[in-house]
Amino acid sequence: QVQLVESGGGLVQPGGSLRLSCAASGIYFTLYGLEWYRQTPGKQRELVAGIGSGGNTYYADSVKGRFTISRDNAKNTVTLQMNSLKPEDTAVYYCNARLSSYELWGQGTQVAVSS
């Protein structure tokens, strides 16, 4: 079955950390570029971080220095380590896998940062 499944969301206090994971199945994972997006009600989905098939990484300015994306090709997973979380990081986070014009999306996982 071709799918992406996110996990690891939840409620955390400002300054805390969360680790999101995305497990892929049914695709040749090594070839895919992988990205994390987030979306809040009434706003467009925005890119948070990405990692290419070669391991190059890139980040939105708003999360640089706080978030780290990584991939484990042996386990078909991509991870987003989120530190120093802020209330404005509250959103539904989505995993995306892309190869040329073909892409997959996960179902999303909710992250809430609040005291």
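Read-outs: derived from the displayed coordinates by stated rules, not from any lab. What you see is a predicted model; the values in this text were computed from it and never measured. A quick note on method: Cβ atoms are made from the backbone with ideal geometry, for glycine too, and the neighbour counts reach across all protein chains shown.
Computed over the Cα atoms of the range 1-41, what is the ratio Rg over Rh, Rh following Kirkwood?
Using Cα coordinates only, the ratio equals 1.06.
From the C-alpha gyration tensor of the chain, pull out the three semi-axes of the equivalent ellipsoid (sqrt of 5λ each), sorted largest to smallest, in whole Å.
Computed over the chain, the values are 23, 14, 13 Å.
Assuming R0 = 35 Å, can you tell me the calculated FRET efficiency for the pair S70 and S114, based on Cβ-Cβ distance, to the nearest 0.05? Walk me through the intermediate numbers first.
On the way: r = 26 Å, r/R0 = 0.76.
With R0 = 35 Å, the Cβ-Cβ based efficiency is 0.85.
Can you pull the one-decimal nm distance between simple spin-label points at R19 and S62, each 7 Å off the Cα toward Cβ?
Taking the two extended label points, one gets 2.5 nm.
In whole Å, largest first, what are the principal axis extents of the Cα atoms in the range 60-115?
For the range 60-115, the Cα spread along each principal axis is 39, 22, 21 Å.
Could you state the number of Å between the C-alpha centres of the range 1-20 and the range 68-85?
Computed from Cα coordinates, the inter-centre distance equals 10 Å.
Over the chain, what relative contact order in percent results from Cα pairs under 8 Å that are six or more residues apart?
This gives 36 percent for the chain.
When Lys and Arg each count +1 and Asp and Glu each count -1, what net charge do the other residues less than 14 Å away from L20, Cβ to Cβ, add up to?
My count for the surroundings of L20 gives 0.
Expressed in whole Å with the largest first, what are the equivalent ellipsoid semi-axes of the range 31-78 derived from the C-alpha gyration tensor as the square root of 5 times each eigenvalue?
21, 13, 9
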